[in-house]
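Heads up: the structure comes next, in structure tokens.
Since every read-out is calculated from the coordinates, none of them should be taken as a lab result. Here the structure is a predicted model, which means the values were calculated and not measured. Here the Cβ is made from the backbone with ideal geometry for all residues, glycine too, and neighbour counts use every protein chain on show.
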Amino acid sequence: MVENVIWPAYLDADLSRTDGRRVPADIAVPEPTVDEIAEAAGQVGYDAVIERDVAYPREGYEERGRVLIKNADGDAKNDIVQAVAAYVAGQVVRATSSLAVARSSDDTYPDLGTELIDEDLDDVGTVVDVFGPVERPYLAVTTEADNPAMLVGRTVYAR
């Protein structure tokens with residue numbers, strides 16, 4: 001079984017690529033935690049194990065921990081990191097035949113029942129649940145899109 005490691009530095013908006021950030025600045029987030037990363041990994045279909053008392057080599061002795069991704073056989077590490085980062089950043093990161101999960105980009109979120117649209121002003125679905133951390137909650141959205149997988153990576157807005 002292949003294990004991939006995701007360090008918080010990979011998603012950290014406060015770091016440059018030289019300092020360890022591996023995702024584009026537009027989906028990087030300030031000070032991501034191993035808990036957020038593990039939750040995001042689980043939501044996009046991976047098993048995650050948190051190791052808290054380890055430090056990213058480029059960060060010296062600051063022990064922010066790391067997340068081991070367990071069931072990613074055949075998936076490229078970059079694809080895993082990008083999917084997890086998109087989830088943490090507030091984009092749709094997971095979609096099934098009738099449900100999509102998005103993350104709020106800040107501490108505001110739409111009420112239950114609010115309809116969401118995408119960048120093209122196309123209907124995405126309706127918010128049916130809000131969960132996760134208060135400062136950047138996740139939204140569960142029912143969708144009737146013809147191809148829900150096409151929503152992954154898209155930014156959504158309240159109508």
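Brief remarks follow.
- Report note on the peptides 7-19, 115-127: ranked by the mean count of other C-beta atoms within 10 Å, highest first, their order is 7-19, 115-127.
- Each 5 Å bin from zero up to the one holding the largest Cα-Cα distance in the chain carries the following percent of pairs: 2, 10, 19, 21, 19, 14, 9, 5, 2, 0.
- For the chain, relative contact order (Cα pairs under 8 Å, six or more residues apart, normalised by length) works out to 19 percent.
- Around residue 121: net Lys/Arg minus Asp/Glu count, Cβ-Cβ under 15 Å: -4
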